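Undergrad: Got a structure for you, questions after.
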Amino acid sequence: MNFTIEGLDQETGARAGTISTAHGHIETPIFMPVGTGGTVKAVHHKDLEESIRAEIILGNTYHLYLRPGLDVLTEAGGLHRFMSWNRPILTDSGGYQVYSLTHRRKLNPEGVTFQSHIDGSRHFFSPEKVIDIQRVIGADIIMAFDECTPYPCGHDDARKSMKMTHDWLDRCCVHFDKFTGLYGHEQSLFPIVQGSTYKDLRLDSARYIADCNRDGNAIGGLSVGEPKALMYEMTALVCEVLPRDKPRYLMGVGTPENILESIGLGVDMFDCVMPTRNARNGMLFTSEGIINIRNKKWQSDHQPIDASGSVYVDQHHSRAYLRHLFVAGEMLGPMIATMHNLSFYLWLVKEARRQILAGTFSSWKNGLTERLSRRL
RNA sequence: GGGGGAGUUCCAGAGCGGUCAAAUGGGGCAGACUGUAAAUCUGUUGGCUAAGCCUUCGGAGGUUCGAAUCCUUCCUCCCCCA
């Protein structure tokens, strides 16, 4: 994997760059749609590639391990072939499930035992096993196994958890370096900064992660309920420490505003379920604000879904029609809404990149941010 | 013609003397959602000069301190037998 920086914003820490992987280039800053179980929910690959123009998508180690399972993935020759997606893939390690499935797992220094949410069966995930699974999946970028701490988290607990995540990282690196990929293409391992909302821990963790000297670095454990000011503060702090010449990935973030702000802090990569999940629940993000398409006020609004939107559903369908689809429970509703939201997110990061390269990022961001969280 | 059953708040459907403005589900309206246990979850859903009051359980009348609940009668619908 290779990362080059093509532009730096003068007023903020924003960068425009390009990541090269075995499955193609990714222009940064980038938003990566979440495709947990081998699909970005409600969108076909053709739309994802040609209309939304996603450059990289996510998969999830825990979910793919449970379903379809490693045998099927091995037979298929990895996730790219299994799902017929030839662009880059990044897999999360299951660290988020340590957080989100907290009532279904037992954690100890060796690893985590999950009780499957599907059939209740027990599965042990160690740092080594998580690397092995991600070798079978074959993603271009794979994540170290970490513990994503909840918010709030006491300083002592956060410190212990961070220490354990660092130990797990060392084990991931050793195991990762011991073997090569199964399908002949390069894979890169990204370590993850933890440390909850504590400056001292975040700094320690960022230094530790930076010292691993991997192809890219991730920031985890944020956007778990803390105030956004704290999230920005931690992100800023960590970005100061993480190497400039490698991509920085802020995991699980976020709202359009979160993304713009974090780009300004020097983050290059983002993922979040928000555009896809919220789309399925009737919430649309636009450059003019937020639309809850189920609201009665759209009943007779025959304007395009988003007049300034770039994807074809924005121009070819009205708000009244999309509302009708949601109210009637038609599955085309979530499909159209997901296409809209993802293409808006991709537009957002593409435009950010363009503005960075043009030297106008800061003023553009400030003007847009005001409008993003409005309710239409 | 004879016998039986039923009419409840937007709908379906509980309740069968006071704790009933009335369970539950649906529908409606609104909200939440941040490395996806999510096409999910939550709130709300008669009116008002709101810790109270008013109008509601097919219509009218009655019994009772008190009725959606009991009685009389009328109207409407359904089923069975001729």
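The values are calculated or read from the model by the stated rules, or taken from the named source; none is laboratory data. Small disclaimer: the values here were computed from a predicted structure and weren't measured. Methodologically, a virtual Cβ is constructed for each residue, glycine included, from the backbone with ideal geometry; neighbour enumeration extends over all protein chains shown. Just the protein is used for accessible areas: all its heavy atoms, side chains included, with ligands, DNA and RNA removed. Shrake-Rupley method; radii C 1.70, N 1.55, O 1.52, S 1.80 Å.
Undergrad: Can you name every residue in segment A:64-108 that is touching a strand residue (DSSP E or B) at 6+ places or on another chain (Cβ under 6 Å) and of a type in the set (S, T, N, Q)?
TA: Of segment A:64-108, the ones touching a strand residue (DSSP E or B) at 6+ places or on another chain (Cβ under 6 Å) are A:79, A:87-94, A:98, A:104-106.
Answer for segment A:64-108, where residues must be touching a strand residue (DSSP E or B) at 6+ places or on another chain (Cβ under 6 Å) and of a type in the set (S, T, N, Q): A:Thr91, A:Ser93.
Undergrad: If A:Thr165 satisfies all but one of (1) closer than 16 Å to A:Ser93 by Cβ; (2) surrounded by fewer than 23 Cβ atoms within 10 Å (Cβ to Cβ); (3) not small (Gly, Ala, Ser), what's the number of the condition it fails?
TA: (2)
Undergrad: Among (1) open to solvent by 50 Å² or more (accessible area, probe 1.4 Å); (2) polar (S, T, N, Q); (3) under 13 Å from A:Ala337 (Cα atoms), which single condition is A:Thr276 missing?
TA: It is condition (1) that A:Thr276 fails.
Undergrad: Ok, one more. Given the condition in contact with a Pro (Cβ under 9 Å, 6 or more places away or on another chain) and open to solvent by 30 Å² or more (accessible area, probe 1.4 Å), answer yes or no: does some residue in segment A:12-20 qualify?
TA: Within segment A:12-20, the subset in contact with a Pro (Cβ under 9 Å, 6 or more places away or on another chain) is A:14-17, A:19.
After this cut, where a residue has to be open to solvent by 30 Å² or more (accessible area, probe 1.4 Å) as well, the list is none.
No, every residue in segment A:12-20 fails to be in contact with a Pro (Cβ under 9 Å, 6 or more places away or on another chain) and open to solvent by 30 Å² or more (accessible area, probe 1.4 Å).
Undergrad: Looking at segment A:306-333 only, could you name the residues that are in a loop (DSSP other than H, G, I, E, B), among the aliphatic types (A, V, I, L, M) and within 25 Å of the chain's Cα centre (by Cα)?
TA: Answer for segment A:306-333, where residues must be in a loop (DSSP other than H, G, I, E, B), among the aliphatic types (A, V, I, L, M) and within 25 Å of the chain's Cα centre (by Cα): A:Val311, A:Met331.
Undergrad: Something else about it: Those residues that are touching a helix residue (DSSP H, G or I) at 6+ places or on another chain (Cβ under 9 Å), closer than 26 Å to A:Ser20 by Cβ and either more than 8 Å from RNA strand B (Cβ to nearest atom) or among the hydrophobic types (A, V, I, L, M, F, W, C) (or both), I need them from segment A:90-138; list them, please.
TA: If the condition is that a residue be touching a helix residue (DSSP H, G or I) at 6+ places or on another chain (Cβ under 9 Å), closer than 26 Å to A:Ser20 by Cβ and either more than 8 Å from RNA strand B (Cβ to nearest atom) or among the hydrophobic types (A, V, I, L, M, F, W, C) (or both), then A:Thr91, A:Val130, A:Ile131, A:Asp132, A:Ile133, A:Gln134, A:Arg135, A:Val136, A:Ile137, A:Gly138 are the ones that fit.
Undergrad: Is it the case, given these coordinates, that A:Ala139 is part of a loop (DSSP other than H, G, I, E, B) and either buried (at least 20 other Cβ atoms within 10 Å of the Cβ) or in contact with a strand residue (DSSP E or B) (Cβ under 8 Å, 6 or more places away or on another chain) (or both)?
TA: Taking the combined requirement at face value, the residue satisfies it.
Undergrad: I've got another one for you. Take A:Asp306 and tell me if it is more than 14 Å from RNA strand B (Cβ to nearest atom) and surrounded by fewer than 16 Cβ atoms within 10 Å (Cβ to Cβ).
TA: Numbers: more than 14 Å from RNA strand B (Cβ to nearest atom): yes; surrounded by fewer than 16 Cβ atoms within 10 Å (Cβ to Cβ): no.
No: the conditions fail for A:Asp306.
Undergrad: May I ask you to list the residues in segment A:47-75 that are free of Cβ contacts under 8 Å to residues at least 12 places away in the same chain and either small (Gly, Ala, Ser) or within 25 Å of A:Ala352 (Cα to Cα) (or both)?
TA: Selection gives A:Glu50, A:Gly69.
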